[in-house]
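Below is one structure, written out as structure tokens; the observations come after it.
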Number of protein chains: 2
Amino acid sequence: METLSLHTDLYEINMAYAFFKDGIHTKKAVFEVYYRNNPFQNGYAVFAGLERVVEYLSKFIFNEDDINYLRSLHYSEDFLGYLKDLRFSGNIKACREGEVVFAIEPLLIIEADLAQAQLIETSILNIVNFQTLIATKASRIKHLVPHNALLEFGARRAQEIDAALWGARASYIAGFDATSLVAAGRKFNIPIAGTHAHSFVQVYQDEELAFRKYAKHHHDCTFLVDTYDSLASGIPNAIKVAQDFDPLKNRFCAIRIDSGDLAYQSKEARKMLDAAGFYDTKIVVSNDLDEDTIASLILEQAKIDSYGIGTKLITAYNQPALGGVYKLVAIEEQGILKPVIKISDNVEKITNPGLKKVYRVINNKTKKAEGDYMICHDEVINTQKPLRMFNERTPLEYKEFDNYYIKDLHQTIYQNGKLVYDLPNIEEIRSYHQENINLLWDEHKRYKYPAKYYVNFSEKLFNIKHDLIKKYQK
Amino acid sequence: METLSLHTDLYEINMAYAFFKDGIHTKKAVFEVYYRNNPFQNGYAVFAGLERVVEYLSKFIFNEDDINYLRSLHYSEDFLGYLKDLRFSGNIKACREGEVVFAIEPLLIIEADLAQAQLIETSILNIVNFQTLIATKASRIKHLVPHNALLEFGARRAQEIDAALWGARASYIAGFDATSLVAAGRKFNIPIAGTHAHSFVQVYQDEELAFRKYAKHHHDCTFLVDTYDSLASGIPNAIKVAQDFDPLKNRFCAIRIDSGDLAYQSKEARKMLDAAGFYDTKIVVSNDLDEDTIASLILEQAKIDSYGIGTKLITAYNQPALGGVYKLVAIEEQGILKPVIKISDNVEKITNPGLKKVYRVINNKTKKAEGDYMICHDEVINTQKPLRMFNERTPLEYKEFDNYYIKDLHQTIYQNGKLVYDLPNIEEIRSYHQENINLLWDEHKRYKYPAKYYVNFSEKLFNIKHDLIKKYQK
């Protein structure tokens, strides 16, 4: 069996080794995964990666090969023996995949033996950072064109094979309609899309002939029309071929334009298709698209039904890393989890101590989220009472709500190492995202300059943090 | 066995299907992999990914699961039968990994049955695009600081697991000295590096104690000194602990600074270490480094021995996609490979037709490369005669050489589906890159505004291209 235990930074193993030798490796510790700023200056992010984290933890096993390699690095036999028998035995709480999340909120909370929690850091960050990034990018695009079909075409430009696969899934969660990647279609049971490339036309060296050959062997036809010249050759040839279609055998689904001025060509294409009576034939465009080019196409009133988006989505081109971190927030002392803090000159980098809970506070009348509320693990919200929320940075400003309901952002995923969470299927995750994005006011979803959504602190949490800061400042 | 045949875009399968049904799937075709512009406005790129392409092709098998999935998509049984027995049976020529390459040069040349060549397009691009990108980024950084140790620390920010793994390898090929990723160390037999995180200090809640604990269990000590305050606390504590070292048991290898003003802190750190007699203790820095921040540190005469580089290397942050393409350049017609061209309004996007060879032309006196020379597959260079080279865009300007030797940029990797190439080991690849980067004049290696290195055309190739363009313009 493939194991993934060595997909970790060496320092994790070196720390685990020192903890083991020092006899504190089973001390309980709490780590949180979070990021400090929403990516792409977006108003929110979309959590994704949990299913892959579960897959990873099932392969968090040190097999004989793994142990032998570590032996070659001169770790002691008692430590290797410990690793050999190691299985993840801690607790994990996490957001649901597809959840709308915000900076500083814990996406995962890992409460485990210190050494274990440390050993799994690298892979968890790797997985969550990437998938959350891509889901967020996809959600941004979806918000711009909610009524157009969105196709993920990035496999050839993705950063290696896993990125193509899991990036396709993340895009689908956030509202894309299909991927070009066949392996993703199979593994995740998501729709796949694709017809032919320019090379298909080149092979026949005759565009009309190539379209006829394609149609002879495929019922649904989307013709790529820009191999030579979309308006002068591709679209007329596509129409000519489609006019000969037997409707029992073929459907002229769409034309695809992959280069040149997409706004102008799409408008001309629409006229040509309509003039030939192909009102239902769609126009698909592609070519290095992202939010900015799509916004520009909308402003130009381009006649586009569907967007194929590759490079800029699958690599999150304008910000290819989320920058999520994994920070210690509590450590066992005399049997009790004690909150800890990491101080920094940069206020943003000071950690939020302790085991916490996060609730989304939703207005009963508007059904819109009014803010998130982060509290200590032992606090309880009484929704029958008014709730007073304030933001940590502006503690003197507060909002009070009296007609609201709350939603716990976290689910228990692992309890004492046992997976206790029923992983939802991909359609459930996708619906969940859609429901939850609808809870946000549109102002938070603007693709540029979104209104800030606040993650508020309870007074108790605020005081614990400030007391710890003062203690360190002494 | 894991297969990778479905790691392909659906359109590849749809094209293969139409070719199969049309009876032309075994027609020979030649495709080239190349990119159009050097990434990062660099003067060159570093080819990487070949070993992974070989791994991929060994898994280019449609097993029962794969076939069943395709059956669910309603492909016909005769086509599924064809796929079931399919193994790659074509020829591949490729550059050596670590080769210095330039825009428009074929990195791989695939000569195979049309359907096969099409089916492997997506994965080959995925692999070569990513690894070449990362190797190039790493080479740029190496060129700036050739005498410093360079550590690849990107696993947690890489775009999923494969990217972390193969990105570590690509970095090592191009001159990095180690990676933090244990799995990469094992798989590729490359050095690994890492000591401890801030959390290690937080666990002990006492920096000096944490360093003592680390030293108790590790011979080589690199202390991360910025958990609280590098200059006021971290470095003094590191020195204090190291002063008590028994040289038989411990070595004070380095301190690492991961935040704040690296230039200032490194200079102060050097003074403090020297004052305590730790002249050989190195200073390692990290924190979102890339070429620009490193160049700035050099200009400020920072006292840095080693750089740990994560996010910006492993994602190629400022240009996270190479944009490599896979283009048809010849197709069999009456048993002969006939050059084809793809026309575009954008001159840069017009393909270079036909099966080609590329030579690097090296001055015998200076031992420096004077340019690359791209010729038709049936042309021969007589190195006893002067060589006249011109660039396609400026055909009236030419250079003539009379004392030179040439190097074929391509090796035969597959012959009729058989792997005939001995894959070099990682150290050979790394040395090969170093040798070849030394053939370039420094002017081409400047990290900003490099002098352009020319890829020249033979007259025959130039004429074939221009005749084909004229033919299409009619």
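Quick look at the numbers
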| item | result |
| --- | --- |
| Hits in the stretch B:443-453 (condition: more than 28 Å from B:T179 (Cα to Cα) and surrounded by 18 or more Cβ atoms within 10 Å (Cβ to Cβ)) | B:P450, B:Y453 |
| Residues that are facing another protein chain (nearest Cβ under 8 Å), among the polar types (S, T, N, Q) and in contact (Cβ under 8 Å) with a residue 40 or more places away in the chain, drawn from the stretch B:1-60 | B:T8 |
| Search result, residues across the stretch A:130-153 that are open to solvent by 10 Å² or more (accessible area, probe 1.4 Å) and not aromatic (F, W, Y) | A:R140, A:K142, A:H143, A:L144, A:P146, A:H147, A:N148, A:A149, A:L151 |
| Members of the stretch A:5-53 that are under 18 Å from A:G81 (Cα atoms), outside any helix (DSSP H, G or I) and open to solvent by 10 Å² or more (accessible area, probe 1.4 Å) | A:D22, A:G23, A:I24, A:H25, A:T26 |
| Number of the exception - A:D229 against (1) facing another protein chain (nearest Cβ under 9 Å); (2) surrounded by 20 or more Cβ atoms within 10 Å (Cβ to Cβ) | (2) |
| Looking only at the stretch B:363-390, and only at residues there that are in a strand (DSSP E or B) and without any contact (Cβ under 8 Å) to a residue 40 or more places away in the chain, the one that is least open to solvent (accessible area, probe 1.4 Å) | B:L387 |
| Subset of the stretch A:260-285 [surrounded by fewer than 19 Cβ atoms within 10 Å (Cβ to Cβ) and within 14 Å of chain B (Cβ to nearest Cβ)] | A:G260, A:D261, A:Y264 |
| Subset of the stretch B:235-250 [in a helix (DSSP H, G or I) and either open to solvent by 10 Å² or more (accessible area, probe 1.4 Å) or over 22 Å from B:F200 (Cβ atoms) (or both)] | B:P236, B:N237, B:I239, B:K240, B:Q243 |
| Those residues of the stretch B:383-405 which are at pLDDT 95 or above and within 22 Å of B:P106 (Cα to Cα), in sequence order | B:Y405 |
| Set A:K349, A:K312: member being within 14 Å of chain B (Cβ to nearest Cβ) and crowded, with 17+ Cβ neighbours inside 10 Å | A:K312 |
| Positions within the stretch B:399-442 being part of a loop (DSSP other than H, G, I, E, B), surrounded by 15 or more Cβ atoms within 10 Å (Cβ to Cβ) and touching a Pro at 6+ places or on another chain (Cβ under 7 Å), in sequence order | none |
| Residue selected from the stretch B:454-472 under the condition within 14 Å of chain A (Cβ to nearest Cβ) and touching a residue at least 12 places away in the same chain (Cβ under 8 Å), by the criterion surrounded by the fewest Cβ atoms within 10 Å (Cβ to Cβ) | B:Y472 |
| Residue satisfying condition, being touching a helix residue (DSSP H, G or I) at 6+ places or on another chain (Cβ under 6 Å) and at pLDDT below 95, within set A:T179, A:T136, A:T195, A:T122 | A:T195 |
| B:Y326 being in contact (Cβ under 8 Å) with a residue 40 or more places away in the chain, of a type in the set (F, W, Y) and either within 11 Å of chain A (Cβ to nearest Cβ) or buried (at least 17 other Cβ atoms within 10 Å of the Cβ) (or both) | yes |
| Filter result (part of a helix (DSSP H, G or I), touching a residue at least 12 places away in the same chain (Cβ under 8 Å) and of a type in the set (S, T, Y)) within the stretch B:177-234 | B:Y214, B:S230, B:S233 |
| Residue count for the stretch B:54-69, restricted to those that are under 20 Å from the mean Cα position of the chain (by Cα) and open to solvent by less than 10 Å² (accessible area, probe 1.4 Å) | 1 |
| Of the criteria (1) closer than 27 Å to A:G175 by Cα; (2) surrounded by fewer than 22 Cβ atoms within 10 Å (Cβ to Cβ), which one A:I255 fails | (2) |
| B:E427 vs. criteria out of contact with any Gly (no Cβ under 8 Å at 6 or more places or on another chain) and at pLDDT 95 or above | yes |
| Strands (runs of 3 or more DSSP E) fully within the stretch A:251-362 counting 3 or more residues that are in contact with a Ser or Thr (Cβ under 9 Å, 6 or more places away or on another chain) | A:251-257, A:282-286, A:306-309, A:325-333 |
| First in the stretch A:250-262 and more than 16 Å from B:I343 (Cβ to Cβ), second anywhere and assigned to a strand (DSSP E or B) and open to solvent by 40 Å² or more (accessible area, probe 1.4 Å), Cβ under 7 Å, 6 or more apart | A:R251/A:D220; A:C253/A:D220; A:C253/A:K282; A:A254/A:K282 |
| Selection from the stretch A:295-329 of residues that are over 13 Å from A:R157 (Cα atoms), among the polar types (S, T, N, Q) and out of contact with any strand residue (DSSP E or B) (no Cβ under 9 Å at 6 or more places or on another chain) | A:S296, A:Q301, A:N318, A:Q319 |
| Filtered residues of the stretch A:408-442 (kept if more than 30 Å from A:A178 (Cα to Cα) and either of a type in the set (V, I, T) or touching a Lys or Arg at 6+ places or on another chain (Cβ under 9 Å) (or both)) | A:D408, A:T412, A:Y414, A:G417, A:V420 |
| Of all residues in the stretch A:165-206 being among the aliphatic types (A, V, I, L, M) and touching a Phe, Trp or Tyr at 6+ places or on another chain (Cβ under 7 Å), the one that is farthest from the other protein chains (Cβ to nearest Cβ) | A:I190 |
| Evaluation of A:E64 against (1) within 9 Å of another protein chain (Cβ to nearest Cβ); (2) without any contact (Cβ under 8 Å) to a residue 40 or more places away in the chain (one fails), failing number | (1) |
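The values are calculated or read from the model by the stated rules, or taken from the named source; none is laboratory data. Computed from a predicted structure; not experimentally measured. Heads up, the Cβs are rebuilt from the backbone with ideal geometry, glycines too, and the neighbour counts pull from every protein chain shown. Ligands, DNA and RNA are excluded from the accessible area calculation, which covers all protein heavy atoms including side chains. Shrake-Rupley method; radii C 1.70, N 1.55, O 1.52, S 1.80 Å.
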